[in-house]
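Only one structure is covered here, and it is reproduced in the block below.
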Amino acid sequence: MDQNLLGSSSQQMSDSPTDAGEPSRVPETPTNGQSSTDPADLLTLDQLLRSAGRASLIKLDPRRMNGDGWFEYTKGITKAVKKIVESDFKEVAPNWSTLSSDTKLRWFKAFAQKYNWRYEITTLVQHEFETLCASRLLGYVHEWKKAWKQDKGKPQWMLNSVWIGLIAFWENEKSIKRSKTNSKNKKSDRGGLGIAKHTCGSMPYVRRREEMRDKVTGELPDMVTFMEATHKRKSDGVFVCKKAQLIAKKCRNMEHQILSQRDNDDGDTLDTNHLTQEEIDAIYQGKGKKFGYGSIPEADPSVDASPNYEEMYLETQEKLQKSDQVIEGMLLKFKDVDFWITMMQNKFPNEVPPSMITTMNTNGGL
């Protein structure tokens, strides 16, 4: 067999990870085909989320109050996802859509053993978790494929059967064609502007923007300032992306034009030497599709702007309670009807209801 399939010749051919090094694992996550000694793995997701002791876990909340974290805003969550994936990647799944529902649930249960949240926002947490997993899985698979092409072999923790299955996927004609198309698009010269680059590294844009929030006023940076900060080298302040440089230059020129016009109109009126964040953002947004801003929402994701999931939950519970009361009332009425029917039958034993007479006539009973 080609050693490139499994890496160096020192790697064993058994269908299990090698023991060299210490793989990143989440011990509480069960693996396919293996029995788990952790009682938590025998619980349903609902039982796990309602179990005792969760208060000591890191708390997640989209409002991010009192030190609570939330996915892209909080360090450590991406690393936790990576550990979960590496501890329970037992099937050939090059992307999220090919991953089995059972594995997705196990991963989320493993995540729920590391983080805590209000029960009523579980659907939201699961959605954010799966969105993050889908994105990270693509990145992991890309790194594995690159290692395979460079004859570096498989990750130490990965099963041989899974590695061979991934190679078969990468060697598939459709996969090769798709890969070439994606590579071509990524390396596109974009009309002489070159490849898109930024200086954020692996840090999400939304977290970098949060770091730039003014400690006194609590305001976030305007869009142009943020784009400059994420596309310039810290060492010399030079743009690493020509398109970002071009957009920033146009926006700053428009900003100066507006300020100059104000000076001409208002003379030496105060507060005309700068534009507000909203005004600068309007200039930036007027240049068309947002560039260099990733998937950051346009609105400040402040506490006030966050949906009140607890209120939504309580409203739903109130509706369910009212429905239960209506059903309970109907059941009581049915009991009353049964009571009166029995009473009337005892009082008038020879009387037959009209509906029964019709049925008996049809069946030839009378």
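Sparsely packed loop sites in the range 196-252 (the trypsin sites (Lys or Arg not before Pro) outside DSSP H, G, I, E and B with at most 15 other Cβ atoms within 10 Å) comprise K197, R213, K215, R233, K234. Computed from phi, the 3J(HN,Hα) profile of the range 339-355 under the Karplus parametrisation 6.51, -1.76, 1.60 (θ = phi - 60°) reads 4, 5, 5, 4, 5, 5, 5, 6, 7, 10, x, 8, 7, 10, x, x, 5 Hz, with x in place of Gly and Pro. In this structure the amide hydrogen of K59, modeled in the peptide plane, comes within under 5 Å of the amide hydrogens of G69, N116, none closer than 5 places in sequence on its chain. Pairs with C-alpha atoms separated by more than 21 Å, drawn from the list K104/K177; K149/K177; K75/K249; K83/K109, are K104/K177; K75/K249.
Residues I280, I195, arranged from fewest to most other Cβ atoms within 10 angstrom of their Cβ, appear as I195, I280. Each residue of the range 58-63 was assigned a 3J(HN,Hα) from its phi angle through the Karplus expression (A = 6.51, B = -1.76, C = 1.60, θ = phi - 60°), giving 4, 8, 10, 7, x, 7 Hz with x at Gly and Pro.
Couplings 3J(HN,Hα) of the range 41-46, computed from phi: 6, 8, 7, 6, 4, 4 Hz, in residue order, whole Hz [Karplus 6.51 cos²θ - 1.76 cosθ + 1.60, θ = phi - 60°; x for Gly and Pro]. Exposure proxy ranking for I357, I84, based on other Cβ atoms within 10 angstrom of each Cβ and starting from the fewest, stands as I357, I84.
Every number in this text was worked out from the coordinates using simple rules, so none of it is lab data. The structure presented is a predicted model; accordingly, all values stated were derived computationally and were not measured. A quick note on method: Cβ atoms are made from the backbone with ideal geometry, for glycine too, and the neighbour counts reach across all protein chains shown.
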